[in-house]
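Right, one structure below, let's go through it.
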Amino acid sequence: MSEYTKPLPVLQGMTGEFYAWCKQRELRFQRCTQCEAWRHVPREMCAGCGSMAWEWARSSGRGRVFTWTVTAVALHPAFKGATPYASVVVELEEGVRIVSQLIDCTPDELEIDMPVTVEFEAVTPEVTLPKFKRA
């Protein structure tokens, strides 16, 4: 594994829990155990019913491209050699949306509603990122 120089998530609190599941190659999101609503980003309380009861529920990992934006000029030095790249919002079957990257698709090949599936990339011994590929 070569040295990864891009910014990494802070592995604390609920964010740390989310990435701990990713390290196990499982995409999990919070689901309210009262109303069964899925949510992301992780937080204590359900926005739907106000319950504080929740679980980490396994996602199918299947979704569709909801939208994207293309970065042509790197705003962080670690991304200089990666431009142009697309930050993609994927809507999972469970209804949650996550910002990620498609690993097998150039920005000009992206399409709204393109079916995708999760693919995990271990970027450091501690951090595995959920990315996506065409289904």
The chain, relative contact order in percent, only Cα pairs under 8 angstrom and at least six apart counted:
23 percent
The percentage of the accessible area of the chain (probe 1.4 Å, all protein chains present) made up of carbon and sulfur atoms, to the nearest whole number, is 50 percent
Cut-off 17 Å (backbone N to label point 7 Å along Cα→Cβ of residue 14), residues of segment 41-63
41-59
Looking at segment 62-99, which GluC sites (Glu not before Pro) are DSSP coil and have at most 13 other C-beta atoms within 10 Å of their C-beta?
93
Quick check for you: with a 1.4 Å probe and neighbouring chains kept, what is the accessible area per residue of the chain, in Å²?
59 Å²
Rounded to the nearest 10 degrees, what's the angle between the helix 13-23 long axis and the longest principal axis of the chain, both from Cα atoms, 0 to 90?
60 degrees
Tell me which trypsin sites (Lys or Arg not before Pro) from segment 2-31 have a DSSP coil assignment and no more than 13 other beta carbons within 10 Å of their own.
25
Can you pull the three principal axis extents for the Cα set of segment 1-128, in Å, largest first?
46, 33, 24
Taking the chain and a Cβ-Cβ threshold of 4.7 Å, the cysteines left without a partner are 22, 105
Summing -39500 (n - 2.57) over the DSSP H runs of n ≥ 4 in the chain and dividing by its residue number, what mean residue ellipticity at 222 nm do you reach, to the nearest 500 deg cm²/dmol?
-2500 deg cm²/dmol
Please compute the net charge surrounding residue 58, taking Lys and Arg as +1 and Asp and Glu as -1 over other residues with Cβ under 9 Å from its Cβ.
0
In whole Hz, with x marking every Gly and Pro, tabulate ³J(HN,Hα) for segment 77-87 from phi via Karplus 6.51 cos²θ - 1.76 cosθ + 1.60, θ = phi - 60°.
x, 5, 9, 3, x, 9, 7, x, 9, 10, 8
Anchor residue 23: lysines whose Cα lies under 23 Å away (excluding residues fewer than 8 positions away in-chain)
6, 131, 133
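The values are calculated or read from the model by the stated rules, or taken from the named source; none is laboratory data. A quick note: this is a predicted structure, and the numbers were derived from the prediction, not measured. Here Cβ is always computed from backbone atoms with ideal geometry, including for glycine, and neighbour counts include all displayed protein chains. Quick note on the areas: whole protein, heavy atoms, side chains included, nothing else; ligands and nucleic acids left out. Shrake-Rupley method; radii C 1.70, N 1.55, O 1.52, S 1.80 Å.
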